[in-house]
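S.K.: Structure below; questions to follow.
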Amino acid sequence: MPFLSKPSRDVVRDFIAAQARLDYTYPALGATASEPPPGYVVDRTRVELGAGEDTFRAARAALARWDHFGLGWVEAAPADTPIEVGAVVAVAARVMGVWWLNACRIVYVVDDDGPVRRSGFAYGTLPGHAESGEERFLIEWDRASDGVWYDVLAFSRPRHPLARLGYPLTRRTQRRFARDSARAMQAAVRR
């Protein structure tokens, strides 16, 4: 949904309430946990955040606060949306002076404790989203190497007519989000 000004809290609340009753816009729920489906563009961004358990815990806390969306031009609303299956979040993004409000629902949560400790979640698009697909945000701590990584995996295709019409801009925006999100996570673990 495009807006000429940033959507108010009331608009976001009403948008989320309406979207929460709707189904996902794609059939391959949970596919970011294994193999993205054919027919979608796949994006992956992976960056090292540092080393050790303290870095892992800081990154996991940043993910729970939605710090990876605190980019100035993108934000998750409400910012205290719990990381739990079924939670609906609005992603507000400002692109070329226009605010877009997009709806997503958390599909699955990751909390694996093994030689590689993993924590994160994936959300999928609802009808109030310009795209159709799924995106996974994951923190990994490889105990053998002690490295901590932020990994984003997404598959998508345009759904809204304007996203299809402006597809080159849509792709640039998706790549910008991945880069900026990675930088935000790197900054969050340094605090």
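S.K.: Among the residues of the range 156-191, which ones are open to solvent by less than 40 Å² (accessible area, probe 1.4 Å), within 22 Å of Ala28 (Cα to Cα) and not polar (S, T, N, Q)?
M.R.: Those that are open to solvent by less than 40 Å² (accessible area, probe 1.4 Å), within 22 Å of Ala28 (Cα to Cα) and not polar (S, T, N, Q): Pro158, Ala163, Arg171, Ala178.
This table checks each residue for (1) free of Cβ contacts under 8 Å to residues at least 24 places away in the same chain; (2) open to solvent by 60 Å² or more (accessible area, probe 1.4 Å).
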| site | (1), (2) |
| --- | --- |
| Leu4 | no, yes |
| Ala17 | yes, no |
| Arg21 | yes, yes |
| Pro36 | no, no |
| Val47 | no, no |
| Phe56 | no, no |
| Arg60 | no, yes |
| Leu63 | no, no |
| Asp80 | yes, yes |
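S.K.: Additional query: Which strands (runs of 3 or more DSSP E) does the range 85-186 wholly contain that include 3 or more residues that are more than 23 Å from Val42 (Cβ to Cβ)?
M.R.: 88-95, 98-112
S.K.: Which residues, counting only those in the range 121-131, are at pLDDT 95 or above and either in contact with a His (Cβ under 9 Å, 6 or more places away or on another chain) or of a type in the set (Val, Ile, Thr) (or both)?
M.R.: Thr125
S.K.: If you take the residues of the range 149-170 that are touching a residue at least 60 places away in the same chain (Cβ under 8 Å) and among the charged types (D, E, K, R), which of them is farthest from His129 (Cα to Cα)?
M.R.: Ranking the candidates gives Asp151 first.
The values are calculated or read from the model by the stated rules, or taken from the named source; none is laboratory data. Since the structure is predicted, the reported quantities are computational estimates derived from the model, not experimental observations. Positions of Cβ are generated from backbone atoms using ideal geometry, with glycine treated the same way; all protein chains shown enter the neighbour counts. SASA here: full protein model, heavy atoms, side chains in, ligands and nucleic acids out. Shrake-Rupley method; radii C 1.70, N 1.55, O 1.52, S 1.80 Å.
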